[in-house]
Every structure is written in structure tokens, then in C-alpha cells.
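Here, each number is a calculation from the coordinates, and none is a lab measurement. Values in this document were obtained by computation on a predicted structure and should not be read as measured data. Methodologically, a virtual Cβ is constructed for each residue, glycine included, from the backbone with ideal geometry; neighbour enumeration extends over all protein chains shown.
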Amino acid sequence: MGSVLASDGVYLPDTVQTAVKLLVVGHFAVGKTTFVGTLSEIRPLRTEETMTQAGALTDDLAGVPDKTTTTVAMDFGRLTLNDHLVLYLFGAPGQRRFTQLWRDMTYGALGALVLADTRRLEHSFDVMGLLEEHGLPYAVAVNHFDGAPVFAEEELREALDLLPETPLVTCDARDRRSSTQALISLVQYLYSRNRQERA
Amino acid sequence: MTPPGKKRGLVRPYVITDGRAHPTRNTLDLVTLVIAAGGETGGLSPEKRRVMELCRGGSLSVAEVAGHLRIPVSVTKVLLSDLVDSGHIVTRSPIPSAELPEPQILQEVLDGLRARL
């Protein structure tokens, strides 16, 4: 392990003083891991958290109390933006039941990019609802999948029930430039909101 | 039972943390940056020594420490906050959540992203 970690680029430059984070969220298989991997300067890392859920009926041979555990994974990547600032991107599942994980993730986050898939737009509602509950501003990026239906922006806005100010962009999570552009739209929105709230 | 082929630690997480589920301090966030401050590591548990070995190389976020060592974030926070208490690790604080981020930070994020296009 030591040799891997000693390789270039694992550690942050000594001058970095500030770390900020943005979330990349969305339903299962919407492209979160791909998006984070496309933009990250390090090989994306994964953390796993074991969540215990009480009450489920299980038929455990050992007769252990009726608890089930789920493993929830979070993929994240890193972008060093200048000599003192680093941005972390956390890709996480949109399930409501992972309350603690959501609290940890949203704490101190600047905002979130919601990835959506035009083949199952309704699957994005849960995660948008969660972000609203946590008071985290977001932009929506429709991830392009080959063969997925293409809709006009107005149709998408209506289907996703977006506020007029919520940015809606399309992106290809496999493409660095396109994914960077989607993040820029999000941060531009965060910046203008921030100015308004301070005014 | 651990399924064969799955590379997991030999002990369950609460053993690593002496049975504690919560860190001694709540100031550690996923993106809090940590670095080794030095100090004698001989008396530390094997897991804490692994943390120290990793953190000796330079700054990393709490999430990266968890990811590299394949330890859950909750356990990593317990280990790191112990190591902060004992003077082995120093932290750099992240931006607090209650306050709006400084516009200057957002501007820098924007500039940094644009420079990548």
C-alpha cells in the first residue's frame, strides 16, 4: 500500500488551506460515479458505511435479533482548483432512509448537482425533495444516454417541476468538458443566489 | 461471517474504536483536512498507526483517509479525533455550514473550473 500512496498526486499540495464540497446526486445508475470519475484528478475513492435497519423480518440461522444491514457507498473525487483551494465531489445515492449519511454529506456543502435521466425523470423527485429538506441549492443536469428521448427544455422543466431560477443543463458524464460545464452552471447559480441573499 | 474473498478488517468496527460510535469532537467533517503532526506512534493501536502512516505523507481530507484505508467514515472520525486529542494529527477547519459561503470562495471555485475548460 505504501508504494501506491507514495505515488504522485495522492496528497494535496502543502499550500492548500481550504476544502469545499459539492454533491453529485441522483437515482441508481444515473451516472454519478462516471461523472465524479471524469472530473477527479485522483482515482475516485469509495467509502462504505454499514447502516443498520431495525425491524425487518429475517430468518437468521444464528437466531440473532431481527436487524438487517445495508451497505451504502459513496464515491468521491478531488479537483485542486488553485494553490490554496480544493474542491471535493461526492456522489451519493438518493435514498431517503440514509439520514445520517445525508446529514454528513450536506453539512458544509456549497450545493448539489442533480443528475437526471430522461427515461426515468420521475426517479429524480426523491432526491430533489431531500435536497430541499436539507436546504441545499441545486442545479439539474440531464445526463445524455445514447438512445434516450430528447425533450425540449420547457418540457423537461415542467416534468421535473423546477423553479424558474433552477438551472437546467444537459451533459455527458463521460466527457470532461461537458461535465465541467455542468458544474460551472451550478456554481454560477450558487454565486448569484449568494449575492442576492447577502444584499 | 465474512464471505470468502472479501477483503475486510479482521475485527468489527466497534472493536477498533473501543466500542465508541461517536468521536470525541464534532469538528471533523468529510472535507476537514488532516495531516500528521508527529509524535511517538509506538503506543498506538494498529489502526491508528495505519492512519498515522498515511497522514505522514501530506494533507488529505477525512473522506480520503477513510477511502484509502477502507474504513467507514464514522470509524475514521473516531480514530482521527482521538489522534487530534493526543497531538498526533492537526486539522484545518472546513467552512462552517450555518453561514453562507463567502462570495470570494464561490468566485474562486468558478474561476478554477473555468480554467479547466
Check: How many percent of DSSP beta bridges within chain A run antiparallel, rounded to 5?
Finding: 45
Margin query: Using a 7 Å offset from Cα along Cα-Cβ at A:ASP14, what residues in region B:40-55 end up with backbone N under 18 Å from the label point?
Written below: B:55
Checklist line | Shape call, region A:20-198: gyration tensor on alpha carbons, a/c limit 1.5 | finding: prolate
Next item on the list: Let me know the Rg and Dmax you get for region B:13-114 when you use only its Cα atoms, in Å.
Entry: 15.0, 48
Margin query: If you take each beta carbon of peptide A:39-46 and count the beta carbons of other chains within 10 angstrom, what is the mean?
Written below: 2
Check: Restricting the count to DSSP beta bridges whose residues both fall in region A:75-172, what percent are antiparallel, rounded to a multiple of 5?
Finding: 45
Notebook entry, point to check: According to a simple spin-label model (label point 7 Å from Cα along Cα-to-Cβ), what is the distance in nm between A:ARG43 and B:ARG114?
Noted result: 3.5
Check: Peptide B:69-79: average number of partner chain Cβ atoms within 10 Å per residue?
Finding: 3
Next item on the list: Would you mind giving the mean number of other chain beta-carbons within 10 Å of the Cβ of each residue in B:54-66, as a whole number?
Entry: 6
Item checked: R0 of 45 Å, Cβ-Cβ distance A:ASP175-B:HIS22: FRET efficiency to nearest 0.05 -> 0.60
Notebook entry, point to check: Taking R0 as 41 Å, what's the FRET efficiency between A:GLN100 and B:ARG56 from their Cβ-Cβ distance, rounded to 0.05?
Noted result: 0.85
